[in-house]
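Novice: The structure is given below, and queries will be raised subsequently.
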Amino acid sequence: MFKFSGKHFIVSYLKCDVTALNNIASLKEALERAINSSNATILSSTDFVFDTNGYTAIYLLSESHASIHTYPEHNSCFVDLFTCGDHCTYENFNKIMKEYLKAEVTNSNLIIRNETNSIQL
């Protein structure tokens with residue numbers, strides 16, 4: 001049983017190594033390694049490579065989801081990891097992705113989601 005709470009890690013990796021972004025097989029391997037290092041469980045995934053070699057992948061996790069959207073023409077990508085409960089962590093995930101991508105700049109946010117910090121719109 002998962003605690004009704006979650007961590008939503010949202011990150012932009014900027015000024016990445018273009019080879020790392022364009023090597024889809026290695027990128028997918030790094031992403032799966034990063035997800036596993038967060039203690040999340042991969043249930044399934046789907047992905048798509050665009051004509052520009054941009055790449056989108058979405059992983060369905062037992063704990064929620066992870067996704068990546070690459071923009072090789074900008075040497076950048078958007079990534080998110082959302083996990084429910086309290087047994088998963090984003091720190092190792094971030095470390096593996098940042099090292100693989102050789103990102104010179106990262107912009108990240110962590111949103112703690114639960115019943116006490118929600119905002120009604």
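The values are calculated or read from the model by the stated rules, or taken from the named source; none is laboratory data. The structure displayed is predicted, hence computed values, not measured ones. Methodologically, a virtual Cβ is constructed for each residue, glycine included, from the backbone with ideal geometry; neighbour enumeration extends over all protein chains shown.
Novice: Step by step: first the residues of the range 77-121, then only those that are among the small types (G, A, S) and part of a loop (DSSP other than H, G, I, E, B), then the one that is modelled with the highest pLDDT. Which residue is that?
Specialist: That would be A103.
Novice: Condition first: more than 12 Å from the chain's Cα centre (by Cα) and either part of a strand (DSSP E or B) or surrounded by 24 or more Cβ atoms within 10 Å (Cβ to Cβ) (or both). Now tell me which residues in the range 66-76 satisfy that.
Specialist: Y71, S76
Novice: Here is a further query. Tally the residues that are polar (S, T, N, Q), touching a residue at least 40 places away in the same chain (Cβ under 8 Å) and loosely packed, with under 14 Cβ neighbours inside 10 Å, restricting the search to the range 1-52.
Specialist: Total satisfying the criteria: 1.
Novice: May I pose another question? Taking the range 42-57, which residues are hydroxyl-bearing (S, T, Y) and over 19 Å from E73 (Cβ atoms)?
Specialist: Those that are hydroxyl-bearing (S, T, Y) and over 19 Å from E73 (Cβ atoms): S44, S45, T46.
Novice: Here's something else I'd like to know. Filter the range 1-41 for residues that are part of a strand (DSSP E or B) and either of a type in the set (D, E) or more than 17 Å from F93 (Cβ to Cβ) (or both) and give the result.
Specialist: Once the filter is applied, which keeps residues that are part of a strand (DSSP E or B) and either of a type in the set (D, E) or more than 17 Å from F93 (Cβ to Cβ) (or both), the range 1-41 yields S5, L14.
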